[in-house]
Structures are given as structure tokens and as C-alpha cells.
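Asks: Sending over a structure as C-alpha cells; questions will come in a sec.
We did not get these values from a lab; they are worked out from the coordinates using the rules stated. Bear in mind the structure is a predicted one, so any value in this text is a computation, not a measurement. With ideal geometry, Cβ positions are generated from the backbone for all residues, glycine too; neighbour counts draw on all protein chains shown.
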Amino acid sequence: MKLPSALQDALNAQIKNELQAHYNYLGMSAHFEQTAYLGFAKWMRLQSQEEYGHAMKLYDYLRERNATIELQTIDAPKTSYDCGPVEIFEITLKQEQGVTQQINDLYELALNQKDYATLQFLTWFLQEQVEEENTVSDIIDRLRLASDNTAGLLRLDDEAGRRAAQGGGRAKA
Ligand code: MG
């Protein structure tokens with residue numbers, strides 16, 4: 001069954017969105033590399049890799065549906081922030097909430113187009129977004145608790161770095 005063109009366009013746009021997230025996280029990782037928070041640098045780098053994986057999942061889906069793949073321009077990300085880890089993770093949460101909205105919109109479009117294969121495909125992304133938002137919220141809660149306590153912050157940084165290294169593909173911290 002041919003992929004409806006509106007859905008093809010939206011899936012191509014989502015490849016771009018995921019690659020933008022990939023690039024934004026890489027920028028955050030580059031920022032943390034210049035600080036004492038090397039654990040957060042690692043975490044962001046792993047997160048960046050995950051986003052690349054999301055883009056490729058969409059890319060492969062379009063390929064399997066014999067659809068046209070369009071690669072769009074992404075913006076240069078910030079690689080330096082004038083704020084601490086908690087504010088950066090708050091930006092991360094906003095970004096993930098934005099992606100959740102994009103996936104919800106895609107799901108609604110697939111529903112309207114009665115493209116049931118795409119609906120099925122998108123359920124993985126819906127679940128992934130629940131996990132992403134939850135993981136980042138947990139980190140923010142703990143960073144807020146540590147507040148200005150250097151020992152506490154470095155401990156959270158260390159944990160983020162170690163869990164990212166264990167990975168298994170999931171960027172938990
Ligand atoms: Mg993603």
C-alpha cells in the first residue's frame with residue numbers, strides 16, 4: 001500500500017526533527033566537555049546517539065514503504081551555555097516534550113489517513129517519549145535536590161556518566 005503523501009512529508013519532517021535533537025544533544029555534550037561535568041557530557045553524547053537512531057528508524061521505515069526520503073537542513077546547535085546542569089536538563093525536558101507533541105501529531109495524521117501500518121510503527125515512538133520524559137524529569141528532580149551542593153552535583157554527574165557507559169542503548173541516569 002502506498003504511503004499517503006501527507007504522511008510521507010510528515011515522516012520526512014520527523015527525520016529532520018530527530019536529527020535536530022541529535023545535534024542539539026551533541027552541542028550540550030560539547031558544552032559539558034568544557035566543564036567539570038564529564039559524566040553529563042557522556043550522558044548527552046549517548047542521548048545524541050539515540051536520537052540519531054530514532055532518525056534512522058524513520059529513514060528505514062520510509063525505505064521499507066518505498067517512499068521518497070528527503071533530508072532537510074538542520075540548524076547549528078548551541079555548544080556553550082551560560083547556566084548550570086539543572087537549567088540544561090530543563091531545556092532537554094522542553095525539547096523532549098516538543099518531540100512528544102510531534103509524535104502525537106504524526107499519530108493523529110496516520111489515524112486520519114487510515115494508514116494502520118504507520119500507526120503500529122509509531123507506537124514504539126510514543127512509548128519511547130514516555131521513557132525519555134520520565135528519565136529527564138528524574139534527573140531534574142535530583143539536580144534540584146542537590147542544588148548548589150558541589151559534592152551532590154558531582155555525585156549525580158558521576159552516576160550519569162556510569163549509567164550511560166553501561167548503556168544497553170538506553171540513556172538512563
Ligand atoms: Mg527522539
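Asks: On a 0 to 90 degree scale, rounded to 10, what angle separates helix 38-64 from the longest Cα axis of the chain?
Replies: Tilt relative to the chain: about 0 degrees.
Asks: Right, next: Gain in length, Trp124 to Glu33, computed as 0.36 nm per residue apart minus the alpha-carbon separation, to one decimal in nm?
Replies: So the extension gain works out to 29.6 nm.
Asks: What nm distance separates the two modelled labels at Asn104 and Lys78, each placed 7 Å from Cα along Cα→Cβ?
Replies: 2.5
Asks: Using the Cα centre of region 40-146 as the reference point, and only Cβ charges (+1 on K/R, -1 on D/E), how large is the resulting charge dipole? Debye, rounded to the nearest 20.
Replies: The dipole of region 40-146 has a size of about 200 debye.
Asks: Rounded to whole Hz and in sequence order, give me ³J(HN,Hα) for region 90-95 from the Karplus expression 6.51 cos²θ - 1.76 cosθ + 1.60, θ = phi - 60°, writing x for Gly and Pro.
Replies: Listing the rounded values in order: 5, 5, 4, 5, 4, 4 Hz.
Asks: I need the fraction of alpha carbon pairs in region 55-162 separated by more than 18 Å, rounded to a whole percent.
Replies: Every Cα pair in region 55-162 considered, those over 18 Å come to 63 percent.
Asks: How far is helix 150-166 tilted off the main Cα axis of the chain, in degrees rounded to 10, range 0 to 90?
Replies: Compared with the principal axis, the helix lies near 40 degrees.
Asks: Turning to a different aspect of this structure: Among the aspartates and glutamates, which have Cα under 18 Å from the Cα of Lys42 when same-chain residues fewer than 8 positions away are ignored?
Replies: Glu33, Glu50, Glu51, Glu87, Glu90, Glu132, Asp138, Asp157, Asp158, Glu159
Asks: Can you give the angle from 0 to 90° between the axis of helix 5-33 and the longest principal axis of the chain, with both taken from C-alpha atoms, to the nearest 10?
Replies: 10
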